[in-house]
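Everything below concerns the one structure shown next.
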Amino acid sequence: MRLLIAGGGTGGHLFPGIAVAEEFLSRDPANEVLFVGTERGIEARAVPAAGYRLELISAAGIRGKGGLSQIRGAAMMFYGYAQSRKILKEWRPDMVMGVGGYASLPMVLAARGMRLPCFIHEQNAIPGLTNRLLAKFVDRVFITLDESSRFFPKGKTLLTGNPLRRQILEMVAGQTPPSIAEIHQQQYGNGGGGPFRLFIFGGSQGAHAINMAMLAALPHLERYAARLEITHQTGEKDAALVAEAYRNHGFNASVMPFIQDMAAVYRRADLVICRAGATTIAEVTACGKACLFIPFPFAVDDHQRRNAEAFLKKGAGFMLLERELSGERLAGIIHELAESPETVQRTGALAFGLARLDAARIIVDEMMKTL
Ligand SMILES: CC(=O)N[C@H]1[C@@H](OP(=O)(O)OP(=O)(O)OC[C@H]2O[C@@H](n3ccc(=O)[nH]c3=O)[C@H](O)[C@@H]2O)O[C@H](CO)[C@@H](O)[C@@H]1O
């Protein structure tokens with residue numbers, strides 16, 4: 001059977017699609033998957049790197065832009081629709097899934113026009129415009145958080161969670177959470193002051209504001225430099241600057257623009273400091289990690305904050321808003337949590353309790369049912 005997965009732009013849309021592809025391919029060696037995205041999206045690099053076939057179409061945003069760019073965006077969408085029809089006629093998928101992002105709009109509409117079974121997956125608490133529009137046309141809407149259900153037709157919406165890539169699921173399966181006694185031994189054994197491992201990352205593109213706040217936090221953390229083991233994903237632009245700052249302040253830090261094997265880094269972390277993109281949240285909760293969320297304040301409809309709030313209500317994470325973010329504040333929280341292993345352990349355990357590990361399986365089961 002053939003599944004076409006359309007959309008992307010950012011990792012938060014694309015990686016759930018890759019998770020569904022992995023599940024679908026595991027069902028039958030004869031199954032095939034084709035990804036469709038745009039050349040500017042993360043899919044242009046990440047899909048071939050993951051070993052999948054990718055077709056590119058033309059697509060662009062329309063929402064909130066001035067007259068000329070709206071006309072340009074609409075023209076690109078029409079062209080993308082024609083390209084989508086051509087791909088569908090040539091590749092002949094059995095079903096099509098949109099994962100959000102510009103490319104999913106023309107492709108899912110074209111697929112619906114050709115009467116193919118169509119599905120969408122929404123990752124966020126507040127859905128993007130593409131998925132709101134597409135919901136009317138698809139057979140099933142899969143959602144990550146109950147909060148988004150009010151935007152979609154009741155009869156066809158199903159709460160599944162956010163599909164997790166195999167690298168994350170395998171890590172979770174092989175992991176036994178440490179006991180409080182082990183954490184104490186690790187952090188206070190051998191005369192006290194065992195390592196506290198921080199993983200700082202800013203979603204699929206890195207976060208300049210988090211990078212700068214962490215640099216501003218370093219002078220306040222110098223006394224703990226020997227205890228902190230830091231892995232910091234910066235995005236492309238800030239990598240050199242951030243690496244140099246850690247060196248100058250005497251910190252043991254591994255700085256990378258982008259990380260392929262996220263599971264390995266999650267596994268080692270005691271505390272994760274990150275944005276509140278939906279896929280990030282799904283992963284840190286599955287890994288049972290205590291997390292300080294710093295939501296991206298300009299995400300459409302402030303959806304990152306809403307994503308995080310869904311977890312904070314249950315004590316399963318911490319949040320610091322960007323407008324309150326300063327080096328001193330960030331250093332204060334890191335220090336406080338490094339000194340409080342019970343809080344870190346309890347928060348991670350509560351997060352794990354909210355994780356949904358079977359989203360990809362449920363989605364593929366549901367898609368197969370409609371065939
Ligand atoms: C600025 C913005 O609007 N961001 C949106 C985007 O975020 P973004 O693309 O940052 O998505 P998420 O934070 O949800 O997920 C990031 C994904 O990238 C992966 N990763 C990240 C860094 C790295 O070095 N390597 C790596 O593989 C993570 O493991 C994760 O799978 O899509 C999300 C899902 O729709 C939204 O919730 C976010 O609001």
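Worth a mention:
- Flag: V284 does not match the condition of being touching a residue at least 12 places away in the same chain (Cβ under 8 Å), touching a helix residue (DSSP H, G or I) at 6+ places or on another chain (Cβ under 6 Å) and either within 25 Å of L218 (Cβ to Cβ) or outside any loop (DSSP other than H, G, I, E, B) (or both).
- Hits in segment 89-116 - residues which are surrounded by fewer than 20 Cβ atoms within 10 Å (Cβ to Cβ) and either part of a loop (DSSP other than H, G, I, E, B) or within 16 Å of the ligand (Cβ to nearest atom) (or both): R92, D94, M114, R115, L116
- Residue in segment 124-139 that is under 29 Å from Y266 (Cβ atoms), surrounded by fewer than 24 Cβ atoms within 10 Å (Cβ to Cβ) and touching a residue at least 24 places away in the same chain (Cβ under 8 Å) present: yes
- For segment 251-264, the candidate set comprises residues that are within 20 Å of R356 (Cα to Cα) and more than 7 Å from the ligand (Cβ to nearest atom); within that set, the residue that is farthest from the chain's Cα centre (by Cα) is A264.
- Segment 2-43, residues that are farther than 19 Å from R112 by Cβ, among the hydrophobic types (A, V, I, L, M, F, W, C) and away from the ligand (no atom under 16 Å from the Cβ): F24, L25, A30, V33
- Scope segment 33-45; condition within 19 Å of the chain's Cα centre (by Cα) and either farther than 17 Å from M97 by Cβ or not assigned by TED's automatic domain parsing to the domain that holds D94 (or both); matching residues: R40, I42, A44, R45
- Residues satisfying the stated conditions in segment 14-50, i.e. part of a helix (DSSP H, G or I) and polar (S, T, N, Q): S26
- Reported count of residues in segment 333-354, each being outside any helix (DSSP H, G or I) and either among the acidic types (D, E) or in contact (Cβ under 8 Å) with a residue 60 or more places away in the chain (or both), is 1.
- Count - residues of segment 230-277 that are touching a Pro at 6+ places or on another chain (Cβ under 8 Å), surrounded by fewer than 23 Cβ atoms within 10 Å (Cβ to Cβ) and among the hydrophobic types (A, V, I, L, M, F, W, C): 1
- Taking residues in segment 196-208 that are more than 12 Å from A239 (Cα to Cα) and among the β-branched types (V, I, T), and partners anywhere that are within 11 Å of the ligand (Cβ to nearest atom) and part of a strand (DSSP E or B), the pairs with Cβ atoms closer than 6 Å and at least 6 places apart or on different chains are I200/H232.
- For segment 106-161, a residue qualifies if it is of a type in the set (D, E) and more than 28 Å from A82 (Cα to Cα), and the qualifying residues are D146, E147.
- Options L357, L330; residue that is among the aliphatic types (A, V, I, L, M), touching a residue at least 12 places away in the same chain (Cβ under 8 Å) and not in a helix (DSSP H, G or I): L357
The values are calculated or read from the model by the stated rules, or taken from the named source; none is laboratory data. Computed from a prediction, not measured in an experiment: that's the story for all the values here. Cβ atoms come from the backbone with ideal geometry, glycine included; neighbour counts cover every protein chain shown.
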